[in-house]
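The values are calculated or read from the model by the stated rules, or taken from the named source; none is laboratory data. Remember, predicted model here, so these are calculated numbers, not experimental data. Because the Cβ atoms are built from the backbone with ideal geometry, glycine has one as well, and the counts that use them run over all protein chains shown.
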Amino acid sequence: MKLKGSLLVAALLSAIAVVLNSGANAAAEPRYQITILYDAFGSDPAMTKDWGFSALVEIAGKRILFDTGDNADILAANVKARGVDLTNLDFVVLSHRHSDHMAGLSYVLSVNPTVKIFAPKEAFGIYGSSLPSSFYRKDESLPPDMRYYGGKPPEIMKFGSAWANARFELIDQTTEIAPDITLIALVSDAPGTKELKELSLAVNTADGMVLVVGCSHPGIERIVEAAATINPRIQLIAGGFHLVAAPDEAITKVVTALKDRFKVERIAPGHCTGEPTFTALKKAFGDKYLYAGLGTSIGIGPNTGSDSRRGEAPTLEDLATYRKLANRQDPFGVMRSRSLLLDSRL
Ligand SMILES: [Zn+2]
Ligand SMILES: [Zn+2]
């Protein structure tokens, strides 16, 4: 009995040691990878393709959800299918206010209601905002019931967010939010998305900058230029380059800039980069083009690749739908591309 008891204690102690050790190992070896959770191309049958972008970025000891896709139910299903844990995040980044990047936020908040969310600071917008009440002109000759707040406005006027209890931190200018982790804040100047603010995630590693972009509305070249001021060595760019409807000349210009001017080492394009741009980048970057379809994990580091399905031809299923959308508001630069084409013909 006594022997049995001490054996049991020994077994328990060794079991505890194993658990503690594995914990220590997990802590000592943080993962360095980008996992695509939302996009319209990919080959994993367990995941649902849809127009939008979301990626789990595990880097510099942090777990960051970059964008949340276009639909909360699809994001939820893809997160489960890929076996990803969103209850344990350091923070979320919403690149910009387009629904294909933020409509999945309600799912994220349902599993992680207190997570910090970085989003661009807009004057008035769905992330909420505030302004000093001195911004509006006063007329003290009016009776109080014709004056805003009866003539006694709060010093700071607050405007609500579409997610009332979410912990937003709004970013107005490029900011280092944690050691070596910078949010690059730029504003689009393109017709159709003029004044749209967008955040890109730039992480400075020992092997150069890792850059994750949502839709690149301000222009991928401008974003890379900003990242290069932190460290001119650009190890990897992943995400949407916003060339989905661009003419060949515009694609060639960007591909040449990325390859020759910025000397980008590896490229993992997705989302609104565009099918002809996938082709052009694949040709230019060869085996430094990392396939980034839905469900893929892209290794971060100079000698790593994507985990599977590299080089497979991407597909785009809802071209017709987004062309329709583009004709209405031009979020994808279709009209702009057409005018560029016309310009180049003149
Ligand atoms: Zn967009
Ligand atoms: Zn987009």
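For segment 198-295, no strands (runs of 3 or more DSSP E) sit wholly inside it while including 3 or more residues that are touching a helix residue (DSSP H, G or I) at 6+ places or on another chain (Cβ under 7 Å), without any contact (Cβ under 8 Å) to a residue 40 or more places away in the chain and more than 14 Å from ligand 2 (Cβ to nearest atom).
Here's the yes/no breakdown for (1) hydrophobic (A, V, I, L, M, F, W, C); (2) in contact with a Cys (Cβ under 8 Å, 6 or more places away or on another chain); (3) surrounded by 12 or more Cβ atoms within 10 Å (Cβ to Cβ):
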{"residue": "MET146", "(1), (2), (3)": "yes, no, no"}
{"residue": "LYS152", "(1), (2), (3)": "no, no, no"}
{"residue": "GLU155", "(1), (2), (3)": "no, no, no"}
{"residue": "GLU169", "(1), (2), (3)": "no, no, yes"}
{"residue": "THR175", "(1), (2), (3)": "no, no, yes"}
{"residue": "THR182", "(1), (2), (3)": "no, no, yes"}
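Under the condition of being modelled with pLDDT under 95 and part of a loop (DSSP other than H, G, I, E, B), the residues counted in segment 133-159 number 0. Checked against the criterion of being under 22 Å from ARG233 (Cα atoms) and at pLDDT 95 or above, the candidates GLU275, GLU249, GLU265 yield just one match: GLU265. Within segment 89-132, the residues that satisfy the criterion of being modelled with pLDDT of 95 or more, assigned to a loop (DSSP other than H, G, I, E, B) and more than 16 Å from ligand 2 (Cβ to nearest atom) are LEU89, ASP90, ASN112, PRO113, THR114, VAL115.
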